[in-house]
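The values are calculated or read from the model by the stated rules, or taken from the named source; none is laboratory data. Source: prediction; values computed, not measured. So basically every Cβ, Gly included, is an ideal-geometry build from the backbone, and we count neighbours across all protein chains shown. Just so you know, the surface numbers come from the protein's heavy atoms only, side chains and all, with ligands and any DNA or RNA stripped out. Shrake-Rupley method; radii C 1.70, N 1.55, O 1.52, S 1.80 Å.
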Amino acid sequence: MHVIVVGAGIVGSSVAYRAAQSGAQVTVLEASRAGAGTSGVSFAWTNANNKPPRAYHDLNVAGMRAHAALREEFGRAPWFHQSGSLEWRVARAEVAAQKEKVARLKEWGYAAEFIDKARLRELAPAVAAEAIPDEAAIVYCAEEGWVDPVLYAGTMLRAARDRYGARLKTGITVTGLETRNGRVIGARDARGELHGADVVINCTGRWSNDTVEGSAPTVPLAPTVGFLVFTPPVGIDLQRPLHGPDLDIRPDGAGRLMVRKDSLDDRFTRLESRTPDCEEAKIALASAAEILPELAGVEAEAVRTTVRPIPADGLSAVGPVRGLEGYYVVVTHSGVTLGPLLGQAVADEVVRGRQRSDLGPFRPGRFQA
Ligand SMILES: Cc1cc2nc3c(=O)[nH]c(=O)nc-3n(C[C@H](O)[C@H](O)[C@H](O)COP(=O)(O)OP(=O)(O)OC[C@H]3O[C@@H](n4cnc5c(N)ncnc54)[C@H](O)[C@@H]3O)c2cc1C
């Protein structure tokens, strides 16, 4: 079976690796380079922290476990930082919502526990004790962590090539599917070349509809814009993601920290570029410095705006589309958490012909009339 995977982000690279491992002849067509899309500009927190309904929560837990299993399979996983993560809430209504959430997570068997400030200090010594009020409710989720998605994607693609003979073609923009008698026979690129295949798997994230426009049914998306701020390397000892009220901070390698605020995302209705000296970066770093005082005076080294690939109902869309044989689409938010799990699930279905019941609630067909 010849499978074309379009897109080499965290999802496409996972699918390519597992499909090749399952015995398919795999060709990856990527418009730019591995990880050049949303995967390269993601907060990349591996979690199922607040992802109801139950089926979606379970899928994300399976994603977290698949990251851990991949670490065993590869013997090492320098892209995967299973550090645990910390969250605190202060306002009464937010604390009440957090308590409800933690009760639900515990009932579902998730590692989430309330901790005191002394334990917080052990887990995140750089956090200013006075910045977290005594009445704050602090939660530690031990199985969570974060990923370097581009290193992950590069490693999966190399493994797919070196172990199982997959081919990666970069600089190839797919512009549509080629079909015959209601079945896909390949993907056409912007130069007009036809890349023949038995199955085409569309893993182009937020571009997934543009990729097949006019040649396949699309998945309605409700994308949102995300804004991320990167510090220069700083000597702050932060080993795990922090999630405060309207604030997320995590290490980003080589001493850099990544900072984001939900309220800043709300300022963007479309993809707009910003410079590191923009007002939004200053606001984000001022918030972060309240929690990590050593950040005082540090200016942003870089900022990024990017788009989340979110199907219209907020859940993943994974599977074949009705009426077009040989076409399979995978588009999802939380793709960093879900990547390795989806890679295996898609390979099971497409290459091994085994239906995955865990994907049942997430079929793209739910959007088709
Ligand atoms: C600000 C922000 C924060 C996030 N935080 C988290 C988080 O904490 N945890 C989490 O799990 N997820 C998070 N996400 C979501 C996660 O990053 C995405 O779900 C994931 O990166 C999607 O991966 P992908 O491989 O589907 O898409 P992408 O990474 O976008 O990959 C698609 C690839 O397709 C290529 N491509 C596009 N069009 C074509 C074409 N026509 N032909 C060939 N190639 C093409 C692109 O170049 C790209 O490389 C976040 C996203 C954002 C924006």
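Just to confirm my numbers, what's the Cα centroid distance between segment 7-83 and segment 116-136 in Å?
That distance is 32 Å.
Are there any trypsin sites (Lys or Arg not before Pro) in segment 45-120 that are in a DSSP loop and have at most 13 other Cβ atoms within 10 Å? List them by number. Could the numbers behind the result be given before it?
On the way: sites: R54, R65, R71, R76, R89, R92, K99, K101, R104, K106, K117, R119; in loops: R76.
Answer in residue order: R76.
How many percent of the alpha carbon pairs in segment 106-219 exceed a separation of 20 Å?
Across segment 106-219, Cα pairs with separations above 20 Å total 65 percent.
Does the chain classify as rounded, prolate or oblate by the C-alpha gyration tensor (a ≥ b ≥ c root eigenvalues; a/c under 1.5 gives rounded; else a/b over b/c gives prolate, otherwise oblate)?
It comes out prolate by the Cα gyration axes.
Just the accessible area per residue of segment 314-369, please: how many Å² with a 1.4 Å probe? Before the final figure, lay out each step's value.
Working: 2000 Å² over 56 residues.
Result: 36 Å² of accessible area for each residue.
When Lys and Arg each count +1 and Asp and Glu each count -1, what net charge do the other residues less than 12 Å away from A48, Cβ to Cβ, add up to?
So the surrounding residues net to +2.
Once ligands and nucleic acids are excluded and a 1.4 Å probe is used, how much of D58 is accessible, expressed in Å² to the nearest 10?
Near enough 60 Å² of accessible area.
Gap in Å between the Cα centre of segment 233-255 and the Cα centre of segment 263-329?
Comparing the Cα centres of segment 263-329 and segment 233-255, I get a distance of 16 Å.
How much area per residue is accessible in segment 205-246 when the probe is 1.4 Å and only protein heavy atoms are counted (Å²)?
39
Once you list every other residue whose beta carbon is under 14 Å from the beta carbon of R183, what net charge do they have if Lys and Arg are +1 and Asp and Glu are -1?
Local net charge: -1.
Would you mind calculating the relative contact order of the chain from Cα pairs under 8 angstrom and at least 6 residues apart, reporting the percent as a whole number?
25
Normalising by the residue count of segment 300-369, find the relative contact order in percent from Cα pairs under 8 Å and 6+ residues apart.
For segment 300-369, the relative contact order is 34 percent.
Taking a probe of 1.4 Å, how large is the accessible area per residue of segment 1-63, in Å²?
Per residue, segment 1-63 has 27 Å² of solvent-accessible surface.
Placing unit charges on C-beta atoms (Lys and Arg positive, Asp and Glu negative, everything else neutral), compute the dipole magnitude of the chain about its Cα centre in debye, rounded to 20. Display every interim value, and only then the final one.
On the way: 43 positive and 44 negative charges, 263 e Å.
Magnitude of the dipole: close to 1260 debye.
Can you list the HN-Hα couplings for segment 62-75, worked out from phi with the Karplus curve (6.51, -1.76, 1.60; θ = phi - 60°), rounded to whole Hz and with x for Gly and Pro?
4, x, 4, 5, 5, 4, 5, 5, 5, 4, 5, 4, 8, x
How much of the accessible area of the chain, probe 1.4 Å, is carbon plus sulfur, in whole percent?
Heavy-atom surface of the chain belonging to carbon and sulfur, 1.4 Å probe: 49 percent.
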